[in-house]
Amino acid sequence: MRLILTALLFCHSKGRDKRPLFFWGIGAWRISFYNAIKVICLFIICMTTFIAYANIQQPFPFDEIPRELIPENLHTEPQGNSRITQRRQCRRLAHFLLWQLLKTAGTSTALLGQIYRTQSGRPQFPVENIDFNISHSGDWVAVLLHINESEKTAVGIDVEFPKKRNFSALMAHFAPQAEQDWFAKQPDEEQAFYRCWCLREAVLKSQGVGIVKLSSVTHLPEQLQIFSDYCPKGELIFTDELPFYFAAFINQSKIQLHFYQWDGKSLVEKNIQKSLIYQVNE
């Protein structure tokens, strides 16, 4: 953001003033309004992966989204306190967060009105180099938007708000014995369980595959490796530093995620200090 403001502040009269400028002590630059725009575009392109999250109990101005960009089933605000109402409100919040991220990324928001579903039911844009994925758990919603300028992109995300469960019994349903043995040795069984669960969901959701294939994902926790026939090569990040457990898969290496929390008025950037990075199908 500092780079953008600096570029604009030193551009005078639409490029007529081209006096030398100093950025970060590198040296003298002659910059026009056109050059400033290129700097801004470069800055945006470098930030290709965005994640926004929020809680449905927070206010969010859904009505600010142009009506033509809203699917028919989301036009009416849900009423009541039922589970169905909660899910509908989560969908509305997810749509709002995706709209916010498209604007943050400098990408056309018209894509919001072009979302379609694949044969597996996965929602996506009609372009190969921009992908998104949505997850919600309880009242929490998270949206990931990824832009790749050079190749087809595929992403998957999963969030889980923790609940008291029989974690060992659940692990036995989808994890091989070696992973169950590792799980039994972990000091924090809740964190260990959601790590095993979330990363599987994230890689499968990149291709629209359901949890029926959880057991097909090979997880090597000590090596930080994941193998699956249902996703391409890439990297996965897992963190427990948010209000929920979080995993995101992206089909590229050296991923840099930019997290934003909706505070009821705007998106506020959030720095993640602790995370695990997995290699997927490498």
Worksheet, complete the sentence: Scoring only Lys, Arg, Asp and Glu (+1, +1, -1, -1) among other residues with Cβ under 13 Å from the Cβ of Phe238 yields -3
Worksheet item: Between the DSSP loop rule and a limit of at most 14 other Cβ atoms within 10 Å, which trypsin sites (Lys or Arg not before Pro) in the stretch 174-282 are left?
Response: Lys185, Lys233, Lys254, Lys265, Lys274
Item to complete: Kindly put Leu220, Leu204 in sequence by how many other C-beta atoms sit within 10 Å of each C-beta, fewest to most.
Response: Leu220, Leu204
Worksheet item: Say each of Ser108 and Gln58 gets a label point 7 Å from the Cα, pointing the same way as Cα to Cβ; how far apart are those two points in nm?
Response: 3.0
Worksheet, complete the sentence: Counting Lys and Arg as +1 and Asp and Glu as -1 over every other residue whose Cβ sits under 12 Å from the Cβ of Glu160, the net charge comes to 0
Worksheet item: Going down the list Lys185/Lys213; Lys103/Lys205; Lys205/Lys233, which pairs span over 21 Å between their C-alpha atoms?
Response: Lys185/Lys213; Lys103/Lys205
Discussion item. Cut-off under 19 Å on the C-alpha distance; same-chain residues fewer than 8 positions from Lys152 excluded. Which aspartates and glutamates are left, in chain and number order?
Written reply: Glu128, Asp131, Asp229, Glu235, Glu282
Discussion item. How far apart, in nanometres, would the label points at Ser150 and Ile211 be if each is projected 7 angstrom from Cα along the Cα-to-Cβ direction?
Written reply: 3.8
Discussion item. Between Lys254 and Thr76, how high is the FRET efficiency from 1/(1 + (r/R0)^6) when r is the Cβ-Cβ distance and R₀ = 41 Å? Nearest 0.05.
Written reply: 0.45
Worksheet entry | Zero-based 10 Å bins, Cα pair distances in the stretch 47-280, whole percents | 7, 33, 37, 19, 4, 0
Worksheet, complete the sentence: the stretch 149-282: relative contact order from alpha carbon pairs under 8 Å, six or more residues apart, as a whole percent, is 29
Item to complete: Rank by packing, highest mean first: peptides 139-146, 236-243, with packing defined as the count of other Cβ atoms within 10 Å averaged across residues.
Response: 139-146, 236-243
Worksheet entry | Additional length obtainable on full extension of the chain from Gln223 to Ala169, 0.36 nm per residue less Cα span | 17.0 nm
Worksheet item: Once phi is turned into θ = phi - 60°, what whole-Hz ³J(HN,Hα) does the Karplus curve with 6.51, -1.76 and 1.60 give for every residue of the stretch 99-112, x standing for Gly and Pro?
Response: 4, 4, 5, 4, 5, 4, 7, x, 9, 4, 6, 4, 4, 4
Worksheet item: Can you give the net charge of the other residues whose Cβ lies under 14 Å from the Cβ of Glu149, counting K and R as +1 and D and E as -1?
Response: -2
Worksheet entry | Highest to lowest packing among 85-91, 60-66, scored as the average C-beta count within 10 Å | 85-91, 60-66
Discussion item. In whole Hz and in residue order, list the ³J(HN,Hα) couplings for the stretch 132-139 that follow from phi through the Karplus curve 6.51 cos²θ - 1.76 cosθ + 1.60, θ = phi - 60°; x for Gly and Pro.
Written reply: 9, 8, 10, 8, 9, 8, x, 8
Discussion item. Based on alpha-carbon centroids, what's the gap between the stretch 72-131 and the stretch 254-282 in Å, whole number please?
Written reply: 20
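Readers should treat all values here as calculations from the given coordinates under stated rules, not as data from a laboratory. Everything numeric here is computed off the predicted structure, so don't read it as measured data. A quick note on method: Cβ atoms are made from the backbone with ideal geometry, for glycine too, and the neighbour counts reach across all protein chains shown.
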